[in-house]
Amino acid sequence: MNVYYSEAHRKHNPPFEIFDGGLRVPYLENPDRMDRILNALSERDWARTIEPKVFGLDPIYAVHDKDYVNFLASSWTEWLASEAKDKSTLLPSTFALRRYPQKPTSLLGRAGYYMMDLSACIVAGTYAAALASANCALSAAEAVANGERSAFALCRPPGHHAGKDYAGGYCFINNASVAANWLSAKGKVALLDIDYHCGNGTQDIFYDRADVLTISIHADPNFEYPHYTGYPDETGSGAGRGFHKNIPLEKGTEDARYLSALEEALNLIHEFEPKYLVVSAGMDIYADDPLGTIKVTTEGIREIGKRISALNLPTVIVMEGGYNNDMLGKNMISLLGEFR
Ligand code: SP5
Ligand code: ZN
């Protein structure tokens, strides 16, 4: 299996994030995550690590608003030139209301407009890392379009919380959506999101489209991030009505219940008859994840891989979340091993 990976992620290393109530904690979405996965992959003879190709900005503009991408590109330099007292990371303190918000020109004004929370910290290497991460997803998509049965995009930063014009949840460019949209020029695409959190950005990007079926299985947003979207009654709009599916899960969900939710998703994908499958693979469904509340085991993750693989579709697997670094390599191998 080809594994697309770039070292560019290392300089995206925010010093902290802010949890509920204002607690500064070490950034959970850290570079060490990639080392754990690379180490595990290096012990397997079926994984080849490859530098991504550079695709340029067009496939990104096809999914994201240009002004938003410009904000990602220039905000760090603007932040350094600003009057802020602590410049260790760019974060806003006021957020845009999405009912008729005005678009300010100031840096902090734009930051609050283009960010949904306090976990998408921008630092010096963020934009370069986000571009390289998207190139990993595009390279994996190209490999699959050229006949590979599957490919793994080892993306960091992750992408599924990033919408058309906003960053959030450690995500800046929606890697899986960029790949899915690129593939959609060649045939129908199904995008299955198994990260613990709702793939709100992916939902936002494809909500009115019928050529890309999006399904997200995730912790119920009534108690979990991102709170304001990811409910079962959100099923798509316009031409896209019926082409989005949210499957929320309760706290404590174990393997058996997870696999029944997965069956429901796989049946929908089967009926849709896509040419390609993109999987947003977050390992924060794992029982001992520091952000998660559901209880999927490493064996459960292997079974998830086996059942997705049984769809027998050309499949792009895109790295999303997963924060138990000690188990990240093992869990990812469990999933990927079913596709080789
Ligand atoms: C890609 C991905 O998995 N992003 C997840 C972003 C979640 N950020 C919100 C964190 C909410 C913090 N709640 C703290 C609870 C700690 N027990
Ligand atoms: Zn997640």
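The values are calculated or read from the model by the stated rules, or taken from the named source; none is laboratory data. Here the structure is a predicted model, which is why all the values come from computation and not from measurement. Positions of Cβ are backbone-derived with ideal geometry, glycine not excepted, and every protein chain shown enters the neighbour counts. Keep in mind that these areas ignore ligands, DNA and RNA; they rest on the heavy atoms of the full protein, side chains included. Shrake-Rupley method; radii C 1.70, N 1.55, O 1.52, S 1.80 Å.
Here are the numbers for this structure:
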| quantity | calculated |
| --- | --- |
| Residue match in the range 227-234 (condition: touching a helix residue (DSSP H, G or I) at 6+ places or on another chain (Cβ under 8 Å) and either of a type in the set (Lys, Arg) or more than 16 Å from ligand 1 (Cβ to nearest atom) (or both)) | yes |
| Lone unmet requirement of (1) in a helix (DSSP H, G or I); (2) closer than 26 Å to Arg24 by Cα; (3) open to solvent by less than 40 Å² (accessible area, probe 1.4 Å) for Ala96 | (1) |
| Some residue of the range 187-198 being of a type in the set (D, E, K, R) and crowded, with 20+ Cβ neighbours inside 10 Å | yes |
| Residue tally, condition at pLDDT below 95 and acidic (Asp, Glu), over the range 101-158 | 0 |
| Per-region count, the range 221-268, residues within 16 Å of ligand 2 (Cβ to nearest atom), of a type in the set (D, E, K, R) and surrounded by 15 or more Cβ atoms within 10 Å (Cβ to Cβ) | 1 |
| Candidate set: the range 114-160, residues that are hydroxyl-bearing (Ser, Thr, Tyr) and open to solvent by less than 20 Å² (accessible area, probe 1.4 Å); chosen: the one nearest to the chain's Cα centre (by Cα) | Ser133 |
| Filter pass, Asn222 being assigned to a helix (DSSP H, G or I), at pLDDT 95 or above, farther than 20 Å from Ile301 by Cβ and not hydroxyl-bearing (Ser, Thr, Tyr) | no |
| Residue check, Leu277 at pLDDT 95 or above, of a type in the set (A, V, I, L, M, F, W, C) and open to solvent by 10 Å² or more (accessible area, probe 1.4 Å) | no |
| Filtered residue count, the range 115-163, keeping only those that are more than 18 Å from Tyr4 (Cα to Cα) and of a type in the set (A, V, I, L, M, F, W, C) | 9 |
| Glu271 away from ligand 1 (no atom under 16 Å from the Cβ) and not in a helix (DSSP H, G or I) | no |
| Qualifying positions in the range 173-204 - under 25 Å from Glu224 (Cβ atoms) and part of a loop (DSSP other than H, G, I, E, B) | Ile173, Asn174, Ile194, Asp195, Tyr196, His197, Cys198, Gly199 |
| Top-ranked residue of the range 278-293 - restricted to ones that are hydrophobic (A, V, I, L, M, F, W, C) and under 18 Å from Pro158 (Cβ atoms), ranked as farthest from ligand 2 (Cβ to nearest atom) | Val278 |
| Single unsatisfied condition, Leu277 versus (1) closer than 29 Å to Leu183 by Cα; (2) within 18 Å of the chain's Cα centre (by Cα); (3) without any contact (Cβ under 8 Å) to a residue 60 or more places away in the chain | (3) |
| Meets criteria (open to solvent by 40 Å² or more (accessible area, probe 1.4 Å) and closer than 16 Å to Met332 by Cα) for Asp20 | no |
| Tally of residues being assigned to a helix (DSSP H, G or I) and crowded, with 18+ Cβ neighbours inside 10 Å across the range 299-339 | 16 |
